[in-house]
Amino acid sequence: MSQPNIKKKNRILVVRPDRMGDVILSTPTLTALQQKFPDAEIGMMVAPYTRDVIDGHPDLDFIMIYDDNGKHQGFSGFFTLVKNLRDQTLARFYLLHPRFRLALAAFLAGIPVRVGTSYRAYSFLFNQPVKLHRRNSGKHEAELNLQMISSDYHMQNFDLKFHIPPWAEKRIHSLLAEHQIKSPFVVLHPGSGGSARDWPWQRFAQLAHHIGKLQTVSVILTGSKNEKELIDKIQNYCDYCLYRLDGQLSIKELAALYNRAAGVVANSTGPLHLAVAVGTYVVGLYCSLPACHPNRWGPYRRPYSVIMPESCENYPVHESNCTEKNCMDSISVETVLSKLMEKIEDKI
């Protein structure tokens with residue numbers, strides 16, 4: 001069998017095969033590596049559904065897909081993965097999201113430099129382990145990703161980058177015209193796919209109602225196909241006209257929509273980070289649980305865009321010690337509306 005025609009040069013792979021927000025917050029590492037190794041080809045391995053997050057990134061030369069529900073599934077799929085990595089003739093391998101299967105595959109593929117956390121039972125598979133505890137670091141996820149590349153990097157040097165292709169902009173232009181939606185408009189993204197404690201859907205509906213009363217700002221709801229029931233509840237509750245695009249947009253199209261929006265209101269979820277990546281003003285709704293605390297998962301470089309329940313302290317609270325099980329309900333609609341209007345008044 002003939003080998004793939006791959007240019008023999010320094011090839012580097014960053015691996016982050018989890019969710020949209022995680023991948024977005026990993027993209028500054030591509031810029032960091034491009035600057036550190038200017039003659040190298042920089043690649044990234046992601047899950048199939050997050051390919052659109054990195055496709056077209058200016059500091060990315062190639063993409064690999066880790067499909068653990070497809071060709072990389074099971075015993076035979078694991079050795080397919082090893083072969084895929086070996087065929088790329090990689091010089092360096094950075095595993096940002098710890099997974100034994102991927103660490104072992106990189107080891108068996110014979111990649112010369114393998115970088116990963118030093119605090120796992122399988123860390124002996126890395127020959128450049130990094131002493132980094134993510135959970136209790138108090139640092140932002142994007143900064144933690146950069147520290148996996150080098151302890152010398154600082155956040156102010158690297159931005160989130162996202163490429164919106166012309167076809168996505170054209171599709172959004174057509175959808176807005178079809179629904180007769182004129183600017184300015186605000187996007188509400190009420191779900192999180194289970195990644196966070198959510199602001200109650202009733203509050204999102206009330207917020208849409210208050211924005212609708214302005215009669216100068218349209219309201220668009222976005223969400224995945226699985227969040228249809230949630231969007232239905234908000235639409236049925238609100239007596240103002242809402243425009244729904246849930247389940248209709250790819251990641252590139254969602255980014256194009258957010259790029260045109262006056263503002264985006266969302267829970268701690270990937271689409272919030274997508275809006276930040278394209279430069280749109282956001283209002284992020286967060287609680288104090290470590291898994292979704294804004295110190296680590298807040299909008300990048302925008303601490304002023306975060307709203308938390310007044311009952312929460314400004315430090316992570318373990319779920320077993322949390323006495324406010326419905327804390328998100330205490331965030332008032334008026335508070336969110338005021339935070340939103342601070343930045344979009346000049347666009348109305």
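The values are calculated or read from the model by the stated rules, or taken from the named source; none is laboratory data. Remember, it's a predicted structure, so these values are computed and weren't measured experimentally. When we count neighbours, we look across all protein chains shown, and the Cβ atoms used for this are built from the backbone with ideal geometry, even at glycine.
Being of a type in the set (Gly, Ala, Ser) and in contact (Cβ under 8 Å) with a residue 24 or more places away in the chain is the filter here; which residues of the range 276-308 pass it?
ALA277, SER288, ALA291, GLY298, SER305
Can you report the number of residues in the range 294-348 which are of a type in the set (Ser, Thr, Tyr), in contact with an Asp or Glu (Cβ under 8 Å, 6 or more places away or on another chain) and at pLDDT below 70?
Going through the range 294-348 one residue at a time, the tally reaches 1.
Of all residues in the range 249-269, count the ones that are within 20 Å of ARG19 (Cβ to Cβ) and either without any contact (Cβ under 8 Å) to a residue 40 or more places away in the chain or surrounded by fewer than 24 Cβ atoms within 10 Å (Cβ to Cβ) (or both).
So the count comes out to 7.
ASP152 is checked against (1) modelled with pLDDT of 95 or more; (2) acidic (Asp, Glu); (3) under 17 Å from LYS36 (Cβ atoms) and fails just one. What number does that condition carry?
Failed condition: (1).
Filter the range 198-230 for residues that are crowded, with 24+ Cβ neighbours inside 10 Å and out of contact with any strand residue (DSSP E or B) (no Cβ under 6 Å at 6 or more places or on another chain); which is farthest from ILE344 (Cα to Cα)?
GLY223
Are any of the residues in the range 199-221 basic (Lys, Arg) and part of a loop (DSSP other than H, G, I, E, B)?
No, there is no match, as no residue in the range 199-221 is basic (Lys, Arg) and part of a loop (DSSP other than H, G, I, E, B).
Taking the options ARG135, ARG114, name whichever one is surrounded by 15 or more Cβ atoms within 10 Å (Cβ to Cβ), of a type in the set (Lys, Arg) and not in a helix (DSSP H, G or I).
ARG114
Please verify whether the range 143-154 includes one or more residues that are touching a helix residue (DSSP H, G or I) at 6+ places or on another chain (Cβ under 6 Å), surrounded by 22 or more Cβ atoms within 10 Å (Cβ to Cβ) and within 22 Å of ALA262 (Cβ to Cβ).
There is no residue in the range 143-154 that is touching a helix residue (DSSP H, G or I) at 6+ places or on another chain (Cβ under 6 Å), surrounded by 22 or more Cβ atoms within 10 Å (Cβ to Cβ) and within 22 Å of ALA262 (Cβ to Cβ).
Based on what the data block shows, is CYS238 more than 19 Å from PHE185 (Cα to Cα), at pLDDT below 95, surrounded by 18 or more Cβ atoms within 10 Å (Cβ to Cβ) and not polar (S, T, N, Q)?
no
From (1) free of Cβ contacts under 8 Å to residues at least 12 places away in the same chain; (2) touching a His at 6+ places or on another chain (Cβ under 8 Å); (3) of a type outside the set (Gly, Ala, Ser), pick out the condition that doesn't hold for GLN73.
(2) is the only condition that GLN73 fails.
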